[in-house]
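What follows is a short report on a single structure.
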Amino acid sequence: MTHVNNINAKKKLSILAVVLGSAALSGAAYADNIVVGVEELNYFPHYTMDGGEYGGFGRALFDAWAADRGHTVEYRAFPIKRLFENLVEGKIDMKYPDNAYWSSDMKDGKSVVYSEKVVEYIDGVSVKPGNVGKGMDSVKKLGTVRGFTAWSWLDVINSGAVKVSENKALEGVIKQTLADRVDAAYANVSVIQYQLDKMGSAKALTFDPDLKHTRDFYYASTTTKPELISDFNSWMADNAAKVDALKAEYKVTLN
């Protein structure tokens, strides 16, 4: 998932999270069952839904929080658009991952509360090694996952200079790029690399840092239970070493 940089908007959201967090109940936020909405997508090592079972770094992180706080967490996976609808309609308690710039039009007028930063990511373009360094003009067709928005490429997409080809799965986007059906794959670069390793094609595509990309963070969010976000923030602050160990275990830490 991606975003456009807007420092002032981020500051406002951060202030909102602090204010609401301060007003929330102190200590652990009690809940019989916390429903965390997640993406119905294989995006390992960050997160994946495989055979109806949620996994990856996201699962390990929320399981650790729940175990320490005495919560019970239920993970429900939805297609990306429906997941956002469920968030703004209050049908889930929390969403992960999220970012203030994702589906901002759907969130307009809604009180969305975001956690502190969870993990950093880069959404960028991976191309065949021989195409690295050829510049923006070398990409005419950009592959991405259905429901994602390549924010850093929106200007050239809207101008008509680049066309977008969507696929329901990242693996499909990668295969399209390898087959030259698209010129580049746009997604989280660490996830693309993991998928390539799994396919036995570790060096078949390479992240090109000279092409437009986004570097930001994943957050958790809610529209109904800010006390959960406050509790989650407190737990992350108190267990920074544990969180860092999980990031290292799942290899989601950026250099």
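The values are calculated or read from the model by the stated rules, or taken from the named source; none is laboratory data. Quick caveat, the model's predicted, so the values are computed rather than measured. Cβ atoms come from the backbone with ideal geometry, glycine included; neighbour counts cover every protein chain shown. Side chains are part of the model used for accessible areas, which takes the heavy atoms of the whole protein and leaves out ligands, DNA and RNA. Shrake-Rupley method; radii C 1.70, N 1.55, O 1.52, S 1.80 Å.
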Computing the accessible area with a 1.4 Å probe over protein heavy atoms, can you report the carbon and sulfur percentage for the range 112-249?
49 percent
When the C-alpha atoms of the range 122-255 are aligned to their principal axes, what extent does each axis show, in angstrom, from largest down?
47, 34, 26
Cβ-placed point charges (K, R +1; D, E -1), dipole of the chain about Cα centre in debye, nearest 20
660 debye
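Compactness ratio of the chain: Cα Rg over 2.2 N^0.38 Å, N = residue count? Working shown, then result.
Values: Rg = 18.4 Å, N = 255, 2.2 N^0.38 = 18.1 Å.
Compared with the compact-globule rule of thumb, the chain sits at 1.02.
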Nearest-0.05 FRET efficiency for Ala202 and Lys163, computed from C-beta distance (R0 35 Å):
0.80
Cβ neighbours within 10 Å, averaged per peptide: list 74-80, 131-137 in order, most packed at the top.
74-80, 131-137
For the range 131-196, what is the relative contact order in percent, using Cα pairs closer than 8 Å and at least 6 residues apart in sequence?
39 percent
Once Arg82 and Asp244 are pulled to full extension, the length gained, defined as 0.36 nm per residue separation minus their Cα-Cα distance, is 55.2 nm
Unsatisfied cross-links (Cα-Cα over 26 Å) in the set Lys81/Lys203; Lys81/Lys128; Lys225/Lys251; Lys134/Lys163:
Lys81/Lys203; Lys81/Lys128; Lys225/Lys251
Approximate spin-label separation Glu89-Arg146, in nm, with each point projected 7 Å along Cα-to-Cβ
1.9 nm
Counting Lys +1, Arg +1, Asp -1, Glu -1, what net charge surrounds Gly130 among other residues with beta carbon under 15 Å of its beta carbon?
-1
Give the accessible surface of the chain per residue, rounded to a whole number of Å², with probe radius 1.4 Å and ligands, DNA and RNA excluded.
47 Å²
Sequence-separation-based contact order of the chain, relative, with Cα cut under 8 Å and 6+ spacing, percent:
30 percent
At a Förster distance of 25 Å, what's the computed FRET efficiency of Glu120 paired with Asp180, Cβ-Cβ distance as r, to 0.05?
0.20
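Roughly what % of Cα-Cα distances in the range 55-97 sit above 16 Å, to the whole percent? Mind dumping the intermediate values first?
Working: 366 of 903 pairs.
Here the tail beyond 16 Å accounts for 41 percent of pairs.
In nm², what is the average projected area of the convex hull enclosing the Cα atoms of the range 186-248?
Values: hull surface 26.3 nm².
Projected area, direction-averaged: 6.6 nm².
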FRET E, pair Ala237, Asp108, Förster distance 35 Å, beta-carbon r, rounded to 0.05:
0.70
Rounded to two decimal places and with Rh computed the Kirkwood way over Cα pairs, what is Rg over Rh for the range 29-175?
1.01
